[in-house]
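Asks: My questions will all concern the structure given below.
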């Protein structure tokens, strides 16, 4: 009997096991595409947890009251995470993925490899220069930290209270770098002292008539909240305490560091002066252009492009009946009052109004060249006074991921002599639409892409697209005024000059004076603007080469696709492919265009 029961139990167990195996056999295998997409999202979430400022810039309230860790330990954590993510990615077989997910796999791999390569050079950047933490952190709070609830205001206050620790970390890294021979050239320190001083000028730091920039920002944001007056006054009092006990000592320490470190600085400008400077510059060129082009190849490309654009400018000279050579025409464009807004509040308002007018005109014609249009708006703003002396001529700030914060096109209107009217049209098309705003907003809104691709950035792609967009204005019939066409060529020439001078500074050991002279001799750029541009290239080596290299590659890809497809080539579909792919290395973009062409040819 016992044996019979045992046999029955064994039989039942075998039947149950067989049923389980059969059920498992009928279950579909796990979808590798879904697994890969889940990994991409988790990896980005983990990165955001380590970088709260990144979350805020994306419009996310993750770690909203914190700053990231700027110490060596923090860098090591981020490196370890990138290495782990790369291992986890490579455990996924790309051969099992569909085309779209395989492309994301490839882009993710390249992005993590970049982060890992960057770690070697983590101390080669200048932490305090014209765009260092002393101006970047206040600008971040003012432009990115939204205050829509009392909790948001308290998070802002905690960030103010945390600035002293964060700045101490930055100063410790800058001091260690200086001891290793990595410190910016001598001209930088006057900017640091002045810009840091601007942050701690005004109430509550002194008895002046106006609030300091951060107090003015916090007061305005809290003033818009629906809270009782006692709560508002309590928040403002806490802000004043944080400014006096956290911000004041931190920014005083930056000023003291700058004055002391300036004594060690020299007038040598190129990164060749740094430890392993040549290898560092090679890394920067590859990182920014996403190509294998050498410094010499980029330099020669620049010389060719300068010559080409000069010839096109001579055509404009003939069109307007100018008598004289190109140098004389440059001087005319630099000095004739008809090309400049008044250096007054009315002149600045006119510049902003014209920028908005150009945006509206372009928006009406976009459907002629594009299928997908951005839903998120773009606004035009003047750079804030506290950072206008060290900020660039014009730049763009991306919208939030959820679209509630618009994209912003900033113009630096501190010196209207550097913002000629003939350049404004092309500048708008580059920074706003169809340039940076369109490219970044469309990628951000492309929900079929993993978030890391919607938010990713590659300078050669983004800046190449911006410069390419300046050309698109001509295809749509804009630049009807020949002087405006000259302005388009002037901006394109500016990017060609960058190829020459950036490589000249950092690979050929050009001096600051040589670089400024090349600008003035070969473009309509005035000396003051040439100085500002040169200082930018000194402090951000390699980045300036990405514009022209990226634009030339996009133009070449378009020409190849048009030649291969003939009448089947559709410029709207080509642009849709480029924009909806999101920011990718140029090598990846080339592969995608080739795949698109092959699909159209059948």
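The values are calculated or read from the model by the stated rules, or taken from the named source; none is laboratory data. Note that the coordinates shown come from a computational prediction; the quantities given were computed from them, not determined experimentally. Cβ: placed from backbone, ideal geometry, glycine included. Neighbour counts: every protein chain shown.
Asks: Given the conditions (1) surrounded by fewer than 19 Cβ atoms within 10 Å (Cβ to Cβ); (2) under 22 Å from residue 144 (Cβ atoms); (3) within 27 Å of the chain's Cα centre (by Cα), report the number of the one that residue 197 does not fulfil.
Replies: Every listed condition holds for residue 197 apart from (2).
Asks: Can you tell me which residues in segment 290-343 are without any contact (Cβ under 8 Å) to a residue 40 or more places away in the chain and assigned to a loop (DSSP other than H, G, I, E, B)?
Replies: 292, 294, 321, 322, 323, 324, 325, 336
Asks: Counting only residues that are modelled with pLDDT of 95 or more and surrounded by fewer than 21 Cβ atoms within 10 Å (Cβ to Cβ), give me the helices (runs of 4 or more DSSP H) lying completely in segment 386-500 with at least 1 of them.
Replies: The qualifying helices (runs of 4 or more DSSP H) are 421-431, 459-475.
Asks: For residue 564, state whether it is closer than 25 Å to residue 392 by Cβ, assigned to a helix (DSSP H, G or I) and free of Cβ contacts under 8 Å to residues at least 60 places away in the same chain.
Replies: When the stated conditions are applied, residue 564 does not pass them.
Asks: Show the residue pairs meeting these rules: Cβ distance below 6 Å; 6+ apart or different chains; first residue within segment 430-451 and on the phi > 0 side of the Ramachandran plot; second residue surrounded by fewer than 24 Cβ atoms within 10 Å (Cβ to Cβ) and in a loop (DSSP other than H, G, I, E, B).
Replies: As it stands, the answer is none, since no pair meets every condition given.
Asks: A further question follows. Looking at this structure, is residue 303 more than 30 Å from residue 590 (Cα to Cα) and either out of contact with any strand residue (DSSP E or B) (no Cβ under 7 Å at 6 or more places or on another chain) or in the same structural domain as residue 412 (by TED's automatic domain parsing) (or both)?
Replies: Considered against the rule, which asks whether it is more than 30 Å from residue 590 (Cα to Cα) and either out of contact with any strand residue (DSSP E or B) (no Cβ under 7 Å at 6 or more places or on another chain) or in the same structural domain as residue 412 (by TED's automatic domain parsing) (or both), residue 303 comes out as no.
Asks: Go through the residues of segment 276-284 one by one and say whether even a single one is touching a helix residue (DSSP H, G or I) at 6+ places or on another chain (Cβ under 6 Å) and either modelled with pLDDT under 95 or within 30 Å of residue 329 (Cβ to Cβ) (or both).
Replies: No.
Asks: Could you tell me which of the residues 108, 128 is within 30 Å of residue 189 (Cα to Cα), in contact (Cβ under 8 Å) with a residue 40 or more places away in the chain and crowded, with 18+ Cβ neighbours inside 10 Å?
Replies: After applying the criteria, what remains is 128.
Asks: Given the residues 18, 23, 43, which is the only one that is at pLDDT below 95, surrounded by 10 or more Cβ atoms within 10 Å (Cβ to Cβ) and part of a helix (DSSP H, G or I)?
Replies: 18
Asks: Going through segment 276-295 one residue at a time, which ones are under 23 Å from residue 462 (Cα atoms) and loosely packed, with under 15 Cβ neighbours inside 10 Å?
Replies: Hits for segment 276-295 are 292, 294.
Asks: Further question on the same structure: Does residue 547 qualify as being more than 22 Å from residue 337 (Cα to Cα), in the same structural domain as residue 326 (by TED's automatic domain parsing) and without any contact (Cβ under 8 Å) to a residue 24 or more places away in the chain?
Replies: No.
Asks: Does residue 352 fit the bill of being assigned by TED's automatic domain parsing to the domain that holds residue 418, farther than 26 Å from residue 413 by Cα, touching a residue at least 24 places away in the same chain (Cβ under 8 Å) and assigned to a helix (DSSP H, G or I)?
Replies: Criteria not met by residue 352.
Asks: Restricting to segment 203-244, count the residues that are more than 24 Å from residue 143 (Cβ to Cβ) and in a helix (DSSP H, G or I).
Replies: The total comes to 6.
Asks: Please go through segment 49-85 and give me each residue that is more than 21 Å from residue 153 (Cα to Cα) and modelled with pLDDT under 95, ordered by number.
Replies: Residue satisfying the conditions is 50 alone.
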